[in-house]
Amino acid sequence: MRAMASTFFAKNATPDDVEQGIRWLGWAAECGDGRAAYQLAGLYLWYPRYRGDPASVERARNLLRQSAASGIRMSAEVLELEKEGRPLAEAHKYVSTVSIEDRYIQRVAVRKLTDQEKTTNSVGPRVIKIVRPAYPSALLLTRTKGKVVVGFIIDPTGRVRDARVVSSTHQAFSDPAIVAINSWRFAPGMKNGRFVNVRAEQSIEFAPDDDRGLDVARFKREVKPAPEEQSASR
């Protein structure tokens with residue numbers, strides 16, 4: 001029945017087609033299909049005919065409860081976000097459009113706030129995944145040591161954007177440093193309760209024999225916003 005419903009939601013679907021699809025989803029939900037209940041809740045929240053209607057919002061909430069009870073984690077997450085203060089429609093859209101990895105990282109950022117950070121509703125980013133840079137094979141013979149400072153932006157999903165070399169003791173270290181930093185992931189920064197872009201700098205040390213540039217605890221202490229602390233979310 002859910003598959004049948006999907007045939008009525010083409011880009012050129014008429015209002016009658018959509019209503020027919022809604023009926024099929026309703027029948028599927030009545031038969032215990034949790035995914036159909038989740039999709040139907042979204043239609044009650046966002047389809048123009050129903051959007052903003054209190055009765056439709058309540059119907060969507062009940063469908064999400066039914067879906068969550070059947071084991072659909074996305075429905076449970078939407079309801080949790082509503083309890084935290086998000087409007088139900090906004091919570092449903094967020095869970096439906098943001099990847100589960102990005103949602104997890106953003107929730108980690110919120111759950112680890114200190115008391116002071118909760119008071120100001122702002123927090124800097126924290127590194128949660130580090131990738132080791134490759135030592136340049138061209139320098140193995142000379143066993144050159146070096147250091148690269150990389151500037152970058154940590155976006156609201158915790159990904160690295162616009163990485164660039166600020167300084168480097170040897171040109172051969174620059175590309176490996178950029179490649180490594182681009183694979184790092186962060187719990188994103190917040191300002192006034194919103195996830196935002198944060199400018200940051202990180203130094204990476206290169207040595208042929210050891211991991212001195214790769215101490216995770218030290219990286220966690222050193223990763224911090226650059227002087228231009230917070231930038232507007234893009």
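Just so it is clear, none of the values below were taken in a lab; they were calculated from the coordinates. A quick note: this is a predicted structure, and the numbers were derived from the prediction, not measured. Quick reminder, even Gly has a Cβ in these numbers, built from the backbone with ideal geometry, and neighbours come from all protein chains shown.
What ranking do R2, R23 get, fewest neighbouring Cβ atoms within 10 angstrom at the top?
Details: R2 18, R23 15.
Arranged by neighbour count, lowest to highest, R2, R23 become R23, R2.
Using Cβ counts within 10 Å as a stand-in for footprinting exposure, how do S56, S96 rank, fewest first? Please list the in-between numbers first.
Working: S56 19, S96 14.
The fewest-first ordering by Cβ neighbours comes to S96, S56.
If I take R0 = 25 Å and measure r between the Cβ atoms of R161 and M1 in this structure, what FRET efficiency does the formula 1/(1 + (r/R0)^6) give, to the nearest 0.05? It would help to have the intermediate numbers written out before the result.
Values: r = 43 Å, r/R0 = 1.71.
Calculated transfer efficiency: 0.05.
Dimensions of segment 2-97 along principal axes (Cα, Å, largest first)?
Extents along the principal axes: 36, 26, 24 Å.
Starting at the first residue of segment 147-163, write each ³J(HN,Hα) from the Karplus equation 6.51 cos²θ - 1.76 cosθ + 1.60 with θ = phi - 60°, in whole Hz, x for Gly and Pro.
8, 10, 9, 10, x, 7, 10, 9, 7, x, 9, x, 8, 8, 10, 6, 5
May I ask you to sort L141, L40, L79 by Cβ crowding, counting other Cβ atoms within 10 Å and putting the fewest first?
In increasing order of surrounding Cβ atoms, one gets L141, L79, L40.
Per-residue HN-Hα couplings for segment 10-18, Karplus 6.51 cos²θ - 1.76 cosθ + 1.60 at θ = phi - 60°, whole Hz, x for Gly and Pro?
So the J values, rounded to whole Hz, are 5, 4, 9, 5, 8, x, 5, 4, 4.
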